[in-house]
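What follows is one structure encoded as structure tokens, with my remarks underneath.
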Protein chains: 2
Amino acid sequence: MPDYKVPLRDFDFVMSEVLGFEQHYASLPGGEDATPDMVKAVLEEGAKFVEGEIVPLNRSGDEESAQWNDGVVTTPEGFKAAYDKLVENGWCGLSQPQKLGGQGLPSSLNTAFYEMLAGSSLSWAIYPTLTWGAIETMAAHAPEELKANYLPPMVQGLWSGTMCLTEAHCGSDLGLLKTRAEPNEDGSYSLTGSKIFITGGEHDLTENIVHIVLARLPDAPEGVKGISLFVVPKYNVNADGSLGERNTVSCGSIEHKMGIKASATCVMNFDGAKGFLIGAPNKGMACMFTFINESRLGVAVQGQSTAEHSFQGALAYARERLQMKGVPRHSPAKPADPIIVHPDVRRMLLTQKAIAEGGRMLNMYCAKLVDLKHGGTVEQKADAEQRLAMLTPIAKGFLTEAAQEATKEGIQVFGGHGFIREWGMEQLSRDVRITAIYEGTTTIQGLDLLGRKILPGDGRLLTLFTKEISDFASQQLDNPELASMAQALIAKVELWQSLTGELSQRLQDAGPNELNSAAVDYLMFSGYMMLGYFWLQAAAVASKAEGDFYTAKVQTANFYFKRLLPRTTSLAETIRDSADTLTAMDEDAFVF
Amino acid sequence: MPDYKVPLRDFDFVMSEVLGFEQHYASLPGGEDATPDMVKAVLEEGAKFVEGEIVPLNRSGDEESAQWNDGVVTTPEGFKAAYDKLVENGWCGLSQPQKLGGQGLPSSLNTAFYEMLAGSSLSWAIYPTLTWGAIETMAAHAPEELKANYLPPMVQGLWSGTMCLTEAHCGSDLGLLKTRAEPNEDGSYSLTGSKIFITGGEHDLTENIVHIVLARLPDAPEGVKGISLFVVPKYNVNADGSLGERNTVSCGSIEHKMGIKASATCVMNFDGAKGFLIGAPNKGMACMFTFINESRLGVAVQGQSTAEHSFQGALAYARERLQMKGVPRHSPAKPADPIIVHPDVRRMLLTQKAIAEGGRMLNMYCAKLVDLKHGGTVEQKADAEQRLAMLTPIAKGFLTEAAQEATKEGIQVFGGHGFIREWGMEQLSRDVRITAIYEGTTTIQGLDLLGRKILPGDGRLLTLFTKEISDFASQQLDNPELASMAQALIAKVELWQSLTGELSQRLQDAGPNELNSAAVDYLMFSGYMMLGYFWLQAAAVASKAEGDFYTAKVQTANFYFKRLLPRTTSLAETIRDSADTLTAMDEDAFVF
């Protein structure tokens, strides 16, 4: 099987042709350095880096796994050398502020680079990722003296970051967390407690690890309103920024997992570890949500990029594997044709392709909004924040679920060989499984979308998109290549609005279980709608251009509208069903 | 997490209350020994055996895996001891003829026992399974002297069987196979070639291994019409039935797989190995199809039983794990409620339950038909064969796909813990992945259903069921508990017939790609229909009885009709779409 290649042609299509990134960067304050030539160079160099350094580590990393021995975590062979090159080449600071030593390019370029990294090896890509969220959280909330010492080495990638939320008894429900932070006389805090599922909590890649930790101050209110945010370094940091003594935070063990085995998922024990409050006391959840939301967008990219990798693998196999005769024959001189001729094999491949390429458009659109949230005008910021509020759970929830399907089809195209480790398709399916769970399960994304974003504010957020989608689709009705897709989308937008209105009414009439009952199906419905919007945009661009690439784009859009978007019909039926169907059964009656 | 328990209450419901097994056994020639007391005793003893001996091997078997060393395959610790107990207790011969040393009970009882085995440990359960198919194939086609020596030890389980079809270059397309069989002077044959993916091709559980092998005679016609069937023992068998020299068939390696790691999946090399022709020359595929079809029903049981196991695990966790507050509160004294109170968690659990219990009804119905195919009157045999022709691909294809979803939801209910190996949920998802691939992928099942079973003969096979389902549903319309389900089913049956007619027309008008294009969605549609029929039957029985068990059955049926059957609406849309959507793209245009 050929190795994963960065789909540079498609990045160009998505960024330049569909989403107007050239104009976006030209008008973005701080985006002036991101000239078309610079963007092209960054993407090409990024592709070279990941194809040369990261792709070869994916399989071996899975076989070897991260290892724990008496508190020390060792990453698989080659991981450290590749990480060092990442740092040397300045990739860690690609989108970090120049004043901190970064290159100051727009964060959306880092998103594109991140797709390449995660597509090459999800396990590997997770190590540098969380640092970016930790930097942003500290930049927004930490006192200046902490920032001065911590941020430059974090921006360079010499130190890494983590996100310490989950405890054994609380994952989705962080209000239950118990880790305590006692004030010390010097203004610092002593943290005591145990955190689980800490990605990169301990490893051998960086000189220091900076934990961003949720904990409770003494006498803090119960629940989420009594949670504060702390910085706890693995090694204490001297006043001059040099590393001091080892802090009393340690890795008690790492998890043995289904996938992303080379990524160390740690139990982190805080035994009176020295930490620093960042942000206001008891306001930790709000501070953390910046981190969480951007991480969720990152996980959406993980799902989508793994779907791309699986698509490439399945496609290569489908072109080579000879089995059964096609109609018409493809290679009459051979005893059988390559399986890509069979419609059902194409159905699987096109499903993968529509998810990977459609997801790329959604993710890069979100990345563009993040640029604007950080650097746009006041109006652009406000608009971007609203759009991201709605799109973050959709991108995270929908694309990671779609990626489960895409990687499953990747195995299926290979038949029995897909189940064999050496072909790599099963690893992609195991690795991607976590993306629908961490940073908030699909259920949590559904509840966030419907309960916090859509239904409050009388559906104003939804209208932002539905009007735009309908208007855009209406403009395509005269194009014979696009008319049936545009019509379908207009009809589905009306259905989306009706369903939302009905749910709002049911929530009022019958209470919040109606929301919980419909949330995941509503999330999936919304995901299919957003991808439909982007596929129509892609088709609109492509229908005006000439060449095989563009023909294939229109064909993929057509596939999406004919074979995937129809799933919304059934989702509408189940969304409309009452919560009673789910709540009726006595909990003791599930088994006898 | 509590261990898997055999759902004895549900076996009783399905067999005695829904499917009328008491009357079935009473009227079945040779079924007279299967009295209600005997059936009860077999099921209870079976449950004791699997819970005591097999369940404890599931996790350790996965961690340890089967090991290959210089041609010798070692099963994980405890596998051999448990296998010896299986043999000692006579389980291998449960449904084998008494004249061969078996107990002579109906084969459907063995299906029930097999659900327990496979639900306990899929990896382990696969070892004894294939022997049953090999026995049946030899009993039907082998010459008497072979049967006399081979069958008694196979029936006892002292020897095991395999099914050697696949070669490196051919899986679904067996017409391409190359293994050769040269006649020897003594009437035997020398087989030369290499087979892959041979389940249990080598292991340490039995004294001998009997390979049923597809190979080509000299000058055989090309393709599937030139394939013959052979028996090739690991140890040659002397005239008195004792074991002779080692035959020249050996295990070159075993696969490293995503799941069922304790099951040895072997590369088997035949180096002039001594074999015996069974059945007529060049008629091997027809002979093998008995074996293949029964194996497919076995794989359907594997999928369904693993869904049951996953459901039990998720349910136990959902009852214990406290997270978020329910509406109304479940445990107001505690900081959070068990997650089983949340509607979306129930959606996942009920999906698993509806698949596991609905699948049990479908599988046991097929098992009843197999009893009739072997032992019924001439009319019963003919009817059973027709029904099995249609139901085999549905049970195999649909239930193994549904099992993918059920085990995925099992992980999802556990959240992050579902991804951790020690909880066992991820293993179930990995193990079950193969069931949608081996013994014919879902694509192959879809093509078999639509292209070989439904469309030929003008849909006569389909009518057999659609009339029965409509008639049954019509009889339920007066029951207010069942009326809406019955109405839904009647409407869907009409849709099923329409879709079938349309497909038949499209096949005539536009050629076989239309069939290939729609096959998998049609298979899934048909699966939802059959499970709907069985859930309506279950609800009809339950609505006449009193007690929590029966209330829950009606509620699960209601869930099935409200939340799962609606998927047929979208499937109908995609079935109706033309193959052009799939065939349009140039094969070089999938990526650039």
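Some notes on this structure:
- Shape category assigned to region A:115-193 from the gyration tensor of Cα positions, a/c cut at 1.5: oblate
- Dipole moment magnitude, nearest 20 debye, the protein assembly as shown about Cα centre, only Lys, Arg, Asp, Glu C-beta charged: 960 debye
- Nearest-20 debye value, region A:140-282 charge dipole, Cβ charges on Lys, Arg, Asp, Glu: 420 debye
- Packing rank of A:85-92, B:532-539, B:185-192, where each peptide gets the mean count of other beta carbons within 10 Å, highest leading: B:532-539, A:85-92, B:185-192
- Derived scalar couplings between HN and Hα for region B:414-422 equal 6, x, x, 5, x, 8, 8, 4, 4 Hz in order, rounded to whole Hz, by the Karplus curve 6.51 cos²θ - 1.76 cosθ + 1.60 (θ = phi - 60°), x for Gly and Pro.
- Averaged over the residues of peptide B:565-572, the number of Cβ atoms from other protein chains lying within 10 Å of each residue's Cβ is 6.
- Part-to-part distance (alpha-carbon centres) for region B:437-503 and region B:198-268, which is given in Å: 39 Å
- Cα gyration tensor shape for region A:140-282, rounded if a/c is under 1.5, else prolate or oblate: oblate
- B:Glu182/B:Thr377 FRET efficiency (R0 45 Å; Cβ-Cβ; nearest 0.05): 0.50
- Relative packing of peptides A:416-428, B:4-16, A:544-556 - highest average C-beta neighbours within 10 Å first: A:416-428, B:4-16, A:544-556
- Between B:Thr199 and B:Met163, B:Cys266, the built amide H atoms are under 5 Å apart, and every one of these is 5 or more places off in sequence or on another chain.
- For peptides A:466-476, B:276-286, sequence by mean Cβ density within 10 Å, most packed first: B:276-286, A:466-476
- Between A:Lys467 and B:Phe549, the simple spin-label model (points 7 angstrom out along Cα→Cβ) gives 5.9 nm.
- Using a 7 Å projection from Cα along Cα-to-Cβ, the label point at B:Glu422 is separated from the same position in the remaining copies by 3.4 nm, smallest value first.
- Region B:454-581 shape via C-alpha gyration tensor axes, a/c threshold 1.5: prolate
- Sorted from shortest to longest, the distances between the A:Ala333 label points of this copy and the other copies are 8.2 nm, with each point 7 Å from Cα along the line through the beta carbon.
- Listed pairs A:Lys453/A:Lys492; B:Lys257/B:Lys408; B:Lys353/B:Lys408; B:Lys334/B:Lys553 exceeding 23 Å between Cα atoms: B:Lys334/B:Lys553
- A:Glu385-B:Glu481 pseudo-label distance in nm [points 7 Å out on the Cα-to-Cβ vector]: 5.5 nm
- Paramagnetic label zone (point 7 Å from Cα along Cα-to-C-beta, A:Lys225; backbone N under 19 Å) in region A:444-465: none
- Computed [θ] at 222 nm, deg cm²/dmol, the protein assembly as shown (DSSP H ≥ 4; -39,500 (n - 2.57); rounded to nearest 500): -17500 deg cm²/dmol
- Of all chain A residues, the closest to the A-onto-B rotation axis by Cβ, with that distance in whole Å, is A:Ser570, 2.
- Between region A:400-415 and region B:572-586, the alpha-carbon centres lie 20 Å apart.
- Rounded to the nearest 0.05, the FRET efficiency derived from the C-beta distance between B:Asp240 and B:Glu51 at R0 = 30 Å is 0.15.
- Relative to the other identical copies, A:Gln475 shows label-point distances of 6.1 nm, where the label point lies 7 Å from Cα along the Cβ direction and values run shortest first.
Every number here is computed from the coordinates shown, using simple stated rules; none is lab data. Computed from a prediction, not measured in an experiment: that's the story for all the values here. Cβ atoms come from the backbone with ideal geometry, glycine included; neighbour counts cover every protein chain shown.
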